[in-house]
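Any read-out appearing in this document is the output of simple, stated calculations on the displayed coordinates, not a laboratory observation. Because the structure is predicted, anything quoted here is derived from the model rather than measured. Virtual Cβ from ideal backbone geometry, glycine too; neighbours counted across all protein chains shown.
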Amino acid sequence: MPLDALDTTGLTVRHGDVLAVDDLDLRIGRGETVALLGPNGAGKSTTVSAVLGLLRPAAGSVRVLGRAPADAVRAGCVGAMLQHGGLPGEARVGEVLHLVRRSYADPWPLGDLVATAGIGGLLGRDVDALSGGQRQRVLLALALAGQPPLLLLDEPTSAMDVEGRRAFWTTMRDLAARGTTVVFATHHLEEADAVADRVVVMAGGRVVADGPSAGLRSAVAGRTVRFSAPDGVTFDRVPGVTGASRLGGTVALATADVEATLRGLLADGVPLDDLEVRGASLEDAVLALVGGGR
Ligand SMILES: Nc1ncnc2c1ncn2[C@@H]1O[C@H](COP(=O)(O)OP(=O)(O)OP(=O)(O)O)[C@@H](O)[C@H]1O
């Protein structure tokens, strides 16, 4: 049987008195694209750091492609983008990239790497003069430089603009299609929904849900019915409705029974202008799972 890309057993990590990761069992197979979700402080970054061997677990074990984390990193098996990933100061982007590529036996061909990370215009720039999004693209190039089979990305697009994000996820999809395992922590749930074939939701250092995004969404009962309605009309007594809110001229009714709600509204002669019915989003599902608690 092929080795898992990532396997943690009973992983427990503390920052002083804070229990950041609590008895985490997580297996990620080769070629999977997995999003780590959860509120601030859920333990996502700590998990990524422990998998990279940057933090010593208080208990439990981590195997990365069958090896201890430090061995896997040394062997070039893991490329990482960390939330506070540093770049050496007083150097040009091209010089840093050259140095990092030189440290690998089989580096990603330069031209293709530069094009993939979208840093063609940045090679002559001082590292210190990069914008947040440019910096993230350079960090991506460094993460990819050794053509690693496993990518660990902690909020990789947090500073990127819309176009940068789109290009980034296109690159990730291409890499995943070529068999790279991609594990990323994010607060952009729509990106997780679009890119990941598996979503792991953490809260309080533990996994509270694990599965395909569609499965998590469908586990959240209920839908929302939206339509335009004049001020002053209330709808809480319509059949099926479990909650009602209004933003400007738009009413949003949470309902446990869409058909009963729509029938009730039509029977009351509500015109239902701009009607929209939608299921739970991944955001709804995550909020339901973590209980909005922080
Ligand atoms: N260096 C540190 N020293 C002390 N406590 C820490 C440290 N780093 C993280 N923590 C604590 O560990 C817990 C988990 O933090 P972690 O950064 O892993 O969460 P996260 O899910 O990545 O959060 P975010 O979404 O905000 O990045 C939190 O309670 C946090 O305050």
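Computed values, structure above
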item: Distant-in-sequence amide H partners of Leu153 (H built 1.01 Å from N, under 5 Å); result: Met81, Val183, Phe184, Ala185
item: Table column - 3J(HN,Hα) (Hz), the range 72-86, Karplus curve with 6.51, -1.76, 1.60, x for Gly and Pro; result: 5, 5, 4, 7, x, 7, 10, x, 9, 10, 9, 4, 10, x, x
item: In nm, spacing of pseudo-spin labels at Asp273 and Asp71 (7 Å Cα→C-beta vector); result: 6.9
item: For the chain: rounded, prolate or oblate by the Cα gyration tensor [a/c cutoff 1.5]; result: prolate
item: From phi via Karplus (6.51, -1.76, 1.60), per-residue ³J(HN,Hα) for the range 115-128 in Hz, x at Gly/Pro; result: 5, 4, 7, x, 10, x, x, 10, 4, x, 7, 5, 4, 5
item: Theoretical FRET efficiency, 1/(1+(r/R0)^6), r = Cβ-Cβ of Ala58 and His187, R0 30 Å, to 0.05; result: 0.70
item: Size of charge dipole - the range 1-127 - debye, nearest 20, with Cβ of Lys, Arg +1 and Asp, Glu -1, no other charges; result: 200
item: In Hz, Karplus ³J(HN,Hα) per residue of the range 161-176 (6.51, -1.76, 1.60; θ = phi - 60°; x = Gly, Pro); result: 7, 4, 5, x, 4, 4, 4, 4, 6, 4, 4, 5, 4, 4, 5, 4
item: Residue order, fewest to most beta carbons within 10 Å, for Asp284, Asp112; result: Asp112, Asp284
item: Cβ-placed point charges (K, R +1; D, E -1), dipole of the chain about Cα centre in debye, nearest 20; result: 680
item: Computed lengthening from Asp25 to Leu266, 0.36 nm per intervening residue step minus Cα-Cα distance; result: 81.7 nm
item: Choice from Gly124, Gly86, Gly249 showing the highest fluctuation, given a GNM over the chain with Cα pairs closer than 10 Å; result: Gly249
item: Amide H contacts of Leu123 (H built 1.01 Å from N, under 5 Å, at least 5 apart or other chain); result: none
item: Residue among Ser213, Leu110, Gly121 farthest towards the positive dipole end of the chain, charges placed on Cβ; result: Leu110
item: Whether the range 83-188 is rounded, prolate or oblate, judged on the alpha carbon gyration tensor where a/c under 1.5 counts as rounded; result: oblate
item: Listed residues Ala58, Ala75, Ala105, most fluctuating in the chain (Gaussian network, C-alpha, under 10 Å); result: Ala105
item: Dipole of the chain, positive direction: furthest Cα of Thr180, Val199, His98, with charges on the beta-carbon; result: His98
item: Amide H partners (placed H, <5 Å) of Val21, local residues excluded; result: Val13
item: Taking the range 6-211 and dividing mean pair separation by its residue count, relative contact order in percent (alpha carbons under 8 Å, at least six apart); result: 31
item: Contour minus Cα-Cα distance for Ser228 and Thr170 (0.36 nm per residue); result: 17.2 nm
item: Magnitude of the charge dipole, the range 220-292, Cβ model with Lys/Arg +1 and Asp/Glu -1, debye to 20; result: 100
item: Separation between Cα centres of the range 117-143 and the range 10-73, rounded to whole Å; result: 27
item: Neighbour-limited loop hits for trypsin sites (Lys or Arg not before Pro), the range 141-191 (at most 13 other Cβ within 10 Å; DSSP other than H, G, I, E, B); result: Arg178
item: Of Pro39, Pro230, Pro148, the one that fluctuates the most in a GNM where the chain has Cα springs shorter than 10 Å; result: Pro230
item: Cα-based shape type of the range 1-97, given that a ≥ b ≥ c are square roots of the gyration tensor eigenvalues and the cut on a/c is 1.5; result: oblate
